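Notes follow once the structure below has been shown.
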Amino acid sequence: MSTPRRKAAGPIKIADSAKVKQQQLERFTENTSNVLSTNQGLQIPDNHNSLKAGVRGPTLLEDFILREKITHFDHERIPERAVHARGSAAHGYFKPYKSMAPYTSAGFLQDPDIETPVFVRFSTVAGSAGSADTVRDVRGFAVKFYTGEGNYDLVGNNIPVFFIQDAIKFPDLIHALKPEPHHGMPQAASAHDTFWDFVSLMPESTHMLMWAMSDRSLPRSLRMMEGFGVHAFRFINARGDSHFVKFHWKPKLGVHGLAWDEAQKIAGKDADFHRRDLWEAIESGNFPEWELGVQIVDDGQESELGFDILDPTKLIPESQVPVQLIGRMVLNRNPDNFFAETEQVAFHPGHLVPGIDFSNDPLLQGRLFSYTDTQLSRLGGANFHELPINRGVCPMHNFQRDGMHRMAIPKGRVAYEPNTLGNGTEFRVDGATQGFQSHPEQLEPPKIRSRSPSFDDHFSQAMLFWNSQSAVEKDHIVAAFRFELSKVELPEIRQRVVDNLSHVDQKLAARVAAPLGINAPDPKAAAGRLGFRDHRIANKVDEDAALRMVGKGDGSIKTRKVAILVADGLEPATIKRIQHDLVEAGAICKVIGPHLGSVSTASGRQFPVDHTFGNMPSIMFDAVLIPGGALSAKALCGMGEAVHFVLEAYKHCKAICALNEGVQLLGSLGISQGKNPELITTPAAGVLVADARKVVEGQISQEFIAAIALHRHWERSGLDAIPV
């Protein structure tokens, strides 16, 4: 007896398909709960502290809650990095200035005649691989040293502190920072509700917020930013003596930033601005350089700092412990293939060499698990170390076998230890004295999921940072907070942020709050919220000049870009000497005109043009030079793009030099030749006006070079009235 056929279901009607799909999705939709659990449903009692051996001890591998949370986070995105996806890199070398044997046995820090090859990757944190370079963000600064003892990775940022104190909060931080999950916006930006909601509830983030809202998060160039190891590490010398150490990278070109308006415009004009700048500098032979510096604190003396050295939201003021410059790094070769090198390079703070060890910083401890786990997901398996860019330069041997993408071909029958079949004698690695040795440390009981009370001060160093800024830098920090919080839709979030800021500085908080449509900052309200810790340390210093950016140039204008504005009728003789002197000083001069090809000089000759006002705007340059020539000046004054070029450069506080009739282009700024045309005048900070036919040859060059070397002239007044 045959079974009757079931009638086949007909196709879903178009009118019903959306409804059916919605119903299908709804079966997988979850609402937010006020209870946290593991993926197995186990309720989590503490989502702020990893399990440690004592409140200041190392994080325990036993912490399955931490491992589950970070493992899931590490595998969320494939194949680009979950964070630091947008990167640029270069090859180079490192040489120490002297032997560091009194402090560390690390081989690459012993001989000033030995160059250690390095590969350095710079990155933004929040954005995807296709986001813009100049967004407001922390910058990664990761250095892989290919040493004779194995690869050593110094994986840090351009800011010396971080948002959180314990790695268990890292997935929460990045989830809050990334585009909001319901609509995927905004890209590569912190100016939205979820980020500020999170940090307003995490007072420990306050110090990092001060840095992130400063010009440190808007570097002029990757070549002009500092790098920091962030955490406290250990130097171990040959006798086994331990010293705490903090790492610094100091750029030879000084530390310089962009104007916020300029950074936003560059993101639209050239999203690859930093990547292009690094590539072109190396291709032209202007190799970027940094000096490696260390702050060393004797083991046992760290309590004298006045704060907990294991707290990653704290820094050691340089006026308290000076930075010793111990070596020099030069980047002198661009990658041959972006994917094979820049994209596939795998950094890990756990890639150590003998003589360098960890501290019990709970953020660092969590990173030691996270980085390997991330590489397994992103690079397809356990053999990511065999990729050419990740291979060490010293011999490597172990009995790890097989797996995806295995490239080595191990010979023989032995894949275990101990053994006697490898070479006929017993091979055993069981407590030898050679190789890496972890620093022995007495750990305090009990096993506990808690945080040391010494981590409870969240505002003192934020106040130190604020007090250390110049007036202009303070203005920029206030403006950044205002911009970011103006993008936050919920006023209660804005209120929580300024209430927290009132514990840093009441005037700062009031200035930030003024235009945001909220109440005055209330420090008592902040102190009454969960997560607030009513504990303040006494800073050993009230301010530290090293925390400022203003005045950090070395007087050089090497690789600075100068725009020379031209039109038909210019007098090239007026700029010939100045252009020569600028190039001799290391600057890069580009001629900008109304069209490509050339323009005619006053004598009828042709003067070559490199770019147009449209394809290379003022935001791509560090300074502007306007030659003389009556016809040229008249033509430029009639071009809206040329007038805008100069106004924008002026608003962004760049050095401007106008010669002879070229001063007419500054007319809309109220600047003219003046009553003494034989003199070089400075009608505004960083603006030079001169008659090149009467001033002593070379004098204009000297003053213009000095103005460019100051980077920006932030003290200019009346900038709000400039209509660009």
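The values are calculated or read from the model by the stated rules, or taken from the named source; none is laboratory data. The model shown is predicted, which means the values in this text are computed figures rather than measured ones. A quick note on method: Cβ atoms are made from the backbone with ideal geometry, for glycine too, and the neighbour counts reach across all protein chains shown. Areas reflect the complete protein model, heavy atoms only, side chains present, ligands, DNA and RNA absent. Shrake-Rupley method; radii C 1.70, N 1.55, O 1.52, S 1.80 Å.
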Please list, ordered by first then second residue, the pairs with beta carbon atoms under 9 Å, 6 or more apart or interchain, first in the range 286-305 and in contact (Cβ under 8 Å) with a residue 24 or more places away in the chain and over 19 Å from THR104 (Cβ atoms), second open to solvent by 30 Å² or more (accessible area, probe 1.4 Å) and among the acidic types (Asp, Glu).
ASN286/GLU280
What is the residue count in the range 138-153 for residues that are farther than 21 Å from ARG223 by Cβ and aromatic (Phe, Trp, Tyr)?
2
Filtered residues of the range 402-438 (kept if among the basic types (Lys, Arg) and at pLDDT 90 or above):
ARG413
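For residues in the range 557-579 being part of a helix (DSSP H, G or I) and farther than 21 Å from SER618 by Cα, which is most open to solvent (accessible area, probe 1.4 Å)?
It comes out as LYS576.
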Test: residue in the range 616-629 that is open to solvent by 30 Å² or more (accessible area, probe 1.4 Å), of a type in the set (D, E, K, R) and either farther than 20 Å from GLU703 by Cβ or at pLDDT 95 or above (or both):
no
Count of the range 368-398 residues which are part of a loop (DSSP other than H, G, I, E, B) and open to solvent by less than 50 Å² (accessible area, probe 1.4 Å)
7
Sort through ASP137, ASP193, ASP166, ASP172 and tell me the only one that's open to solvent by 10 Å² or more (accessible area, probe 1.4 Å) and in contact with a Leu (Cβ under 8 Å, 6 or more places away or on another chain).
ASP193
Would you point out the residue of the range 674-687, among those that are open to solvent by 40 Å² or more (accessible area, probe 1.4 Å) and out of contact with any Gly (no Cβ under 8 Å at 6 or more places or on another chain), that is modelled with the highest pLDDT?
THR682
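So that you can scan it fast, the table gives a plain yes or no per residue for (1) of a type outside the set (Phe, Trp, Tyr); (2) in contact with a helix residue (DSSP H, G or I) (Cβ under 9 Å, 6 or more places away or on another chain):
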| residue | (1), (2) |
| --- | --- |
| LYS447 | yes, no |
| PHE459 | no, yes |
| GLU473 | yes, yes |
| LYS487 | yes, yes |
| PRO491 | yes, no |
| ASP499 | yes, yes |
| SER502 | yes, yes |
| ALA509 | yes, yes |
Residues of the range 409-443 being surrounded by 13 or more Cβ atoms within 10 Å (Cβ to Cβ) and farther than 30 Å from THR104 by Cα, in sequence order, are PRO410, VAL414, ALA415, ASN419, GLY422
Matching residues in the range 400-431 - criterion: being free of Cβ contacts under 8 Å to residues at least 12 places away in the same chain and small (Gly, Ala, Ser):
GLY412, GLY422, GLY424, GLY431
Single condition LEU364 does not satisfy, out of (1) in a helix (DSSP H, G or I); (2) open to solvent by 10 Å² or more (accessible area, probe 1.4 Å)
(2)
Take the residues in the range 207-234 that are of a type in the set (Ser, Thr, Tyr) and surrounded by fewer than 24 Cβ atoms within 10 Å (Cβ to Cβ), then tell me which one is nearest to PRO181 (Cα to Cα).
SER214
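Per-residue answers, yes or no, for (1) open to solvent by 50 Å² or more (accessible area, probe 1.4 Å); (2) part of a loop (DSSP other than H, G, I, E, B):
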{"site": "ILE537", "(1), (2)": "no, yes"}
{"site": "LYS540", "(1), (2)": "yes, yes"}
{"site": "GLY551", "(1), (2)": "yes, yes"}
{"site": "GLY555", "(1), (2)": "yes, yes"}
{"site": "ASP581", "(1), (2)": "no, no"}
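Can you confirm whether the range 450-470 contains a residue that is of a type outside the set (A, V, I, L, M, F, W, C) and under 20 Å from TRP260 (Cβ atoms)? Outline the logic, then answer.
The first filter runs over the range 450-470 and keeps only residues of a type outside the set (A, V, I, L, M, F, W, C), leaving 450-454, 456-458, 460-461, 467-470.
Now narrow it down to the ones that are under 20 Å from TRP260 (Cβ atoms): 469-470.
The answer is yes, given that some residue of the range 450-470 is of a type outside the set (A, V, I, L, M, F, W, C) and under 20 Å from TRP260 (Cβ atoms).
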Could you grab the pairs with beta carbons closer than 7 Å, sequence gap of 6+ or different chains, first residue in the range 198-211 and over 13 Å from PHE465 (Cα atoms) and touching a residue at least 40 places away in the same chain (Cβ under 8 Å), second one aromatic (Phe, Trp, Tyr) and open to solvent by 10 Å² or more (accessible area, probe 1.4 Å)?
VAL199/PHE163; PRO203/PHE532; SER205/PHE163
Residue pairs qualifying under the 6 Å Cβ cut-off, at least six apart or on distinct chains, with the first in the range 137-163 being outside any strand (DSSP E or B) and the second being at pLDDT below 95 and open to solvent by less than 10 Å² (accessible area, probe 1.4 Å), are GLU149/VAL353
Does ARG239 satisfy the condition of being over 30 Å from ALA587 (Cβ atoms), open to solvent by 20 Å² or more (accessible area, probe 1.4 Å), free of Cβ contacts under 8 Å to residues at least 60 places away in the same chain and basic (Lys, Arg)?
yes
Would you pick out the residues in the range 638-659 that are in contact with a Gly (Cβ under 7 Å, 6 or more places away or on another chain) and closer than 19 Å to THR601 by Cβ?
LEU659
Aromatic (Phe, Trp, Tyr), open to solvent by less than 20 Å² (accessible area, probe 1.4 Å) and within 13 Å of the chain's Cα centre (by Cα): is that true of PHE122 in this structure?
yes
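Condition check ((1) more than 21 Å from MET225 (Cβ to Cβ); (2) open to solvent by 10 Å² or more (accessible area, probe 1.4 Å); (3) out of contact with any strand residue (DSSP E or B) (no Cβ under 7 Å at 6 or more places or on another chain)) across all residues:
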residue	(1), (2), (3)
LEU278	no, no, no
PHE287	no, yes, no
VAL321	yes, yes, no
ARG328	no, yes, no
ASN337	yes, yes, yes
Return a yes/no flag: does the range 637-656 have any residue that is in contact (Cβ under 8 Å) with a residue 60 or more places away in the chain and closer than 13 Å to ALA692 by Cβ.
no
Checked pairs for the range 66-85, first β-branched (Val, Ile, Thr), second part of a loop (DSSP other than H, G, I, E, B), C-beta under 6 Å and 6 or more apart or across chains, list as VAL83/VAL125
Output the number of the condition that HIS351 fails; it satisfies all remaining conditions of (1) open to solvent by less than 10 Å² (accessible area, probe 1.4 Å); (2) touching a Phe, Trp or Tyr at 6+ places or on another chain (Cβ under 7 Å).
(1)
